[in-house]
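The structure appears below as structure tokens.
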């Protein structure tokens, strides 16, 4: 047990599960950003053929799931459990998006950290041998999030410079346990790259594994400005990163990159200062998905991107391929979330944060 449980919040998997495929579906604004050529699919009008923003978000999730299954070369029936969530009430984007697949599902809510929560649970389940394949999926949509948490788009409200732009996007991942690979030491398993019924060769990752996780806890510094979510979430990111390093006996230099989910420009600067106070210097190795997904000079997104889809599509389209190619050997991926609702905001409650750490390795 001591080989698995590390410190207060972390686990190291003796039989590390692998991420064998990932998919990214993004909106029109995201398709104009720096990662535009890397997404699997993009929409032209952000409605994705639907009549409402909520239906559009569900359509994105469905498309992301279909794509990740195709890339993995497996059918929905082979997925043991699905872990998914979004930002909307009762998780309707997920429940309506994955309904047709009829996969046993755990509905999650971790705000913008949901991709980390879903990957952590999928990795734990796969490593424990509860099934051959697990799926993690999440999404966000600018239109549905504005209507849910702030003002409908037609209201044309002013956004402060500290505000972030909710990413329209959905990311899905297939996590495979050791039983999916007869020879655990052979990265090029016979299943990899097999040709499907359509004659099209599937595209699998062969060299990406989740070697450990650090489950975050709720951190509340008493901030109440929901239009400055980067500041609200930065303390949680600091707590999870410092806990990961402490639990696993590492320094920040152990990782090629430490990548947060959606702190944006303001939250990232705060995070660096907070970690420096803890004795950890992440300068030169820290990236933030909210800073990478939009072009600050040409796209009017103020403090950067946010939303469940921000970390998920950046991970799927950019981070995992970098690890697969061996350009990064070890990455600490830390999606961040601001735990709030319209009710809590209107009642004057603070906005606590949470962040989950996923240790990704090339092998």
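Restricting attention to segment 93-115, the residues that are within 22 Å of residue 262 (Cα to Cα) and in a helix (DSSP H, G or I) total 4. Going residue by residue through segment 143-159, is there one that turns out to be on the phi > 0 side of the Ramachandran plot, outside the structural domain of residue 244 (by TED's automatic domain parsing), over 20 Å from the mean Cα position of the chain (by Cα) and modelled with pLDDT under 95? Checked against the condition, which is being on the phi > 0 side of the Ramachandran plot, outside the structural domain of residue 244 (by TED's automatic domain parsing), over 20 Å from the mean Cα position of the chain (by Cα) and modelled with pLDDT under 95, segment 143-159 yields at least one hit.
Whether a residue is in the same structural domain as residue 97 (by TED's automatic domain parsing), in contact with a helix residue (DSSP H, G or I) (Cβ under 6 Å, 6 or more places away or on another chain) and at pLDDT below 75 was assessed, and residue 164 passes this test. Against the condition in contact (Cβ under 8 Å) with a residue 24 or more places away in the chain, in contact with a helix residue (DSSP H, G or I) (Cβ under 8 Å, 6 or more places away or on another chain), within 25 Å of residue 211 (Cβ to Cβ) and in a loop (DSSP other than H, G, I, E, B), how does residue 225 come out, does it pass? It is false that residue 225 is in contact (Cβ under 8 Å) with a residue 24 or more places away in the chain, in contact with a helix residue (DSSP H, G or I) (Cβ under 8 Å, 6 or more places away or on another chain), within 25 Å of residue 211 (Cβ to Cβ) and in a loop (DSSP other than H, G, I, E, B). Note on segment 279-363: enclosed strands (runs of 3 or more DSSP E) holding 2 or more residues that are within 24 Å of residue 124 (Cβ to Cβ) are 330-334, 336-338, 353-355, 357-362. Do the conditions hold for residue 253, that is, is it free of Cβ contacts under 8 Å to residues at least 60 places away in the same chain and either surrounded by fewer than 21 Cβ atoms within 10 Å (Cβ to Cβ) or under 26 Å from residue 163 (Cβ atoms) (or both)? Yes. Residues 62, 44: which one is without any contact (Cβ under 8 Å) to a residue 40 or more places away in the chain, outside the structural domain of residue 294 (by TED's automatic domain parsing), surrounded by fewer than 19 Cβ atoms within 10 Å (Cβ to Cβ) and closer than 27 Å to residue 290 by Cβ? Testing whether each residue is without any contact (Cβ under 8 Å) to a residue 40 or more places away in the chain, outside the structural domain of residue 294 (by TED's automatic domain parsing), surrounded by fewer than 19 Cβ atoms within 10 Å (Cβ to Cβ) and closer than 27 Å to residue 290 by Cβ leaves just 44.
Considering only segment 37-45, I want to know if a residue exists there that is closer than 19 Å to residue 126 by Cα and not in a strand (DSSP E or B). Scanning segment 37-45, I find no residue that is closer than 19 Å to residue 126 by Cα and not in a strand (DSSP E or B), so the answer is no. Could you tell me how many of the residues in segment 275-291 are surrounded by fewer than 18 Cβ atoms within 10 Å (Cβ to Cβ) and either farther than 12 Å from residue 258 by Cβ or out of contact with any strand residue (DSSP E or B) (no Cβ under 8 Å at 6 or more places or on another chain) (or both)? Adding up the residues that qualify gives 7. For segment 23-31, the criterion of being more than 18 Å from the chain's Cα centre (by Cα) and more than 30 Å from residue 331 (Cα to Cα) is met by none of the residues.
The values are calculated or read from the model by the stated rules, or taken from the named source; none is laboratory data. This is a predicted model, so every value here is computed, not measured. Every residue, glycine among them, receives a Cβ derived from its backbone with ideal geometry; neighbour counts consider all protein chains shown.
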